[in-house]
1. Treating cross-link reach as a plain straight distance, find the lysines whose alpha-carbon is under 17 Å from the alpha-carbon of A:Lys322, omitting any fewer than eight places away in the same chain.
2. Cross-link candidates for A:Lys160: which lysines have Cα within less than 17 Å, leaving aside residues fewer than 8 places away along the same chain?
3. Suppose a student asked you for the relative contact order of chain A, using Cα pairs under 8 Å spaced at least 6 residues apart; what percent would you report?
4. Which trypsin sites (Lys or Arg not before Pro) does segment A:70-156 hold that lie in a coil by DSSP with at most 15 other beta carbons within 10 Å?
5. Work out the mean other chain Cβ neighbour count within 10 Å for the residues of A:336-345 and drop it here as an integer.
6. Using the Karplus curve 6.51 cos²θ - 1.76 cosθ + 1.60 with θ = phi - 60°, what ³J(HN,Hα) values do you get for each residue of segment A:600-606, in whole Hz, with x for Gly and Pro?
7. Order A:Glu172, A:Glu264 by their accessible area, 1.4 angstrom probe, all chains in place, largest first.
8. I need the phi-derived Karplus couplings for segment A:249-263: 6.51 cos²θ - 1.76 cosθ + 1.60, θ = phi - 60°, integer Hz, Gly and Pro marked x.
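The values are calculated or read from the model by the stated rules, or taken from the named source; none is laboratory data. This structure is a prediction, so every number in the text was calculated from the model and none was measured. Note that each Cβ is placed from the backbone with ideal geometry, even for glycine, and that neighbours are counted across all protein chains shown. In case anyone asks, the SASA skips ligands and DNA or RNA and just uses the protein heavy atoms, side chains included. Shrake-Rupley method; radii C 1.70, N 1.55, O 1.52, S 1.80 Å.
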Amino acid sequence: MGVSANRRDVLKGAGALVLGFEFVADSALAADAPGQKLPGDLNTTPKISSWLRVEEGGKIRLLVGKVELGQGVLTAVAQICAEELDVDMNRLVITSGDTRLVPDEGVTAGSFSMPNCGSAVRQVAAEARQILLGLAAKKLGVDAASLGVADGVVKAADGKTATYWDLVAGGEFEVDATGKAPIKAREGRRYVGKSAPRLDIPFKVSGARIFVQDLRPDGMLHGRVLRPPAYDSKLVSLDSSSVEKTAGVVKVVRNGSFVGVVAEREELAMDAVAELRAQAKWDVPTTGETQDTVYDWLLRQEPEDIHIRKEPVVSIAEKPRKVVGAVYRRPYHMHASIGPSTAVATLDADGVTHIQTHSQSVFETSIAIADMLGVDKSKVHCQHEQGSGCYGHNAADDAAADAALLAQAVPGRPVRVQWTRSDEHKWEPYGPAMVVSTAATTDEKGDIVDWMLELWSTSHGTRPGGKAGNLLAARYLEKPFALPKPVNGGPPNYAADRNAIAIYEFQSQNVTTHFIPTFAARASAERGLGAYANVFAIESFIDELAAAAGADAVEYRLRHLKDERGRAILQKAAEMFGWRDYKKTPGSGRGIGFARYKGLAAYCAVAMEVVVDRGSGKVRVTRVACANDCGEVVSPDGVKNQIEGGIVQSLSWTLKEAVRFGPGGVRSADWASYPILTFSEVPPITVELIDRPGTPFLGTGEASQGPTGAALANAVFDATGARLRDIPFTPARVKAALQA
Amino acid sequence: MPALKVNGHSHDIDGLEDAPLLFVLRNDLKLNGPKFGCGLAQCGACTVLVDGEPVRSCVTAAGVVVNQEITTLEGLGSIDKPGKLQQAFIAEQAMQCGYCVNGVIMRAKALLDQNPHPSEGEVRLALDGNLCRCGAHNRMVRAVLRAAAEA
């Protein structure tokens, strides 16, 4: 597209861009995934016994590849399973995320757990019930259709009963799902659609063992790693002799620039690393980008250009239109888990390294670790244990790799590695900085005719993916593994360009991804990937266009929005907020933001009010109203918790957060240098759902972040007339915008 | 013999006086309630009560609090018999990952002991030094207010 030649102007944020749209007839949009025969992950693991077993003692075992991250997924799939199988939820025993035991469901990410795991479990449970009823019919000598079930007890019309536990002799579930067993109708449902209390919460309020940090196997040692001062540093020299002689230090492990300690006590391991840090001499790169230069850097790189939507532009020459444009930027944000990443690893006598980890991708991570260790993939066994919330690809996998490396030095002894706060802040892969440029032509009413969006971003995906080079430690070994070539994700979910195609209908829409296949800082998947920045840009820009047209922000969106579910959500959020009757008070303003996540998942609209202190530039959010449609709702409270949490996290990103870094290393090293939103800053939030029984589960964990960021910018504009396009909206930045 | 009095039980900590209280509680006494979050007294995940006052156990040497009454999350109730605040957190489903919850409950316990019927603003202010990344703040505030109302 012509505008690419004007990148420097784009960067400068020139008020109006003159565009040379390219006339292309074809659509670059790929078709949806090919037709699926079975629901969700049954397509890759069709056998029923892979998912479900009737066990002794009146228990049902459910085996799932998706894992609990605090998002409540295991409770939701338990609800679904109990519902379709007609058993009490407390009969379920769930095994999740064990590479030797459960279906490989890939990564627990992308709001895919309900669509892919929830749908599979629903079908599996329905088919298991059908098989069990068939067995009961035979045993009781009646027609299966005449049987009823309550909590695993099958009852015939004549009063004769048989339990699931009597009926199975073994092998009955060694068959593939057919996809034909009917799903229960909404009426008479006991669990699905109702807020089941989360299964993990009683553990978490009482200090019962549930986190990977709580594991203390017999003979366990404590491991810690000495991370370099900055990316790509090389260890020049290290005198570890005094540390090695310290009582209680079991081992100092050095392999190239990877240095770790294994000690009898945790505080001893930390002290030993401090001593090693004092002794170590590093070769640290002296050049590199900073949080301020990274936007220029993004525009300077040689990108891979992907035209994800190309449409013929309505002729500008024939009928001159008003052309406007704007540029939006987001910085690197960290996942910033409250609990630093942790793993426990043990090298057993049979040569297998067993790892307990809070990784989102146990299967691919175990293969990546095997690759790093140079062993067959059967020699690494990962088991998921819960950790602190991750919100995407944080350091969980890196901690697992660290523990695996250290465990090799002390065969037979479990090694628990917990990262320090500083290492977690400085070394996790961040959600990457992005530049998003938008432009539009409008007609005499101010309605949008042509729409264009371009974005610049590095990769949002460096998850282990079975490759050692994606593990932090592996890149610092004596024989280092190179970082695999960074990739972007394609349709229909996209990655850097997730949600870059606006849901609105314009006469033409052109969207280009400038994918930068290198890195300025370590980056990977953070909740929503590119959707946060792209929705921020789209929903800010449409607000700018509405203001230019003198139109109401909700009404203006509705002019361009045909999707009925989208319209319903937008209108519901506006109604919840009291949009129509809103009365401004001095310093206050309202804003709204809306998107359908990934263009194919949950619909979410967020409206909020802010008060801006013109003297200090401080933005206070006073209330938030959110409407959400994620298809059929399994647990209303579970969905609301996710949506509300997403709003708070996005407010924190948008108001406060930016990773500061430079050639000497990352400078955001603790909570003082990387502050997040606190209790007194969190506004009242109301969330309402539109439930769509009988429609697919759409997932919901990543729906609210993009709309929230935009609603905040739009509210600040309404309050002050100042348009904020650079995240975060720090008081200094707001003040500067007010004075501009 | 230096003894650590935790949840009503006495533990000999001879030789561990210089160790962080958090690691003694977690690794030696095998308590899971207090969590390692930052080691810098910035996030509150490690909070315990010492003679009723909230203390960041990650920056407190075990030897400093010998013979004082230490209460951890486990001291408020168990999974089978949760205490008042713990029940309120269950009732409000007041968390996502739950890693920060130890600190939030222990800080709230100290607040309610001093001020049994705080306003919402007082709860928020008391919890302002406890960081939560999942965004469950409002649920946790409601849980604390619920516990206060049910007192």
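1. Within the straight-line cut-off, A:Lys322 pairs with A:Lys445.
2. In chain and number order, the partners are A:Lys138, A:Lys139.
3. 14 percent.
4. Values: sites: A:Arg91, A:Arg100, A:Arg122, A:Arg129, A:Lys138, A:Lys139, A:Lys155; in loops: A:Arg100.
Of the trypsin sites (Lys or Arg not before Pro), the ones in loops of segment A:70-156 whose Cβ has at most 15 other Cβ atoms within 10 Å are A:Arg100.
5. Averaged over the peptide's residues, the number is 4.
6. 9, 10, 5, 8, 8, 10, 10
7. If we order A:Glu172, A:Glu264 from most to least accessible, we get A:Glu264, A:Glu172.
8. So the Karplus estimates, Gly and Pro as x, are 7, 8, 7, 10, 9, 10, 9, x, 9, 8, 10, x, 10, 10, 9 Hz.
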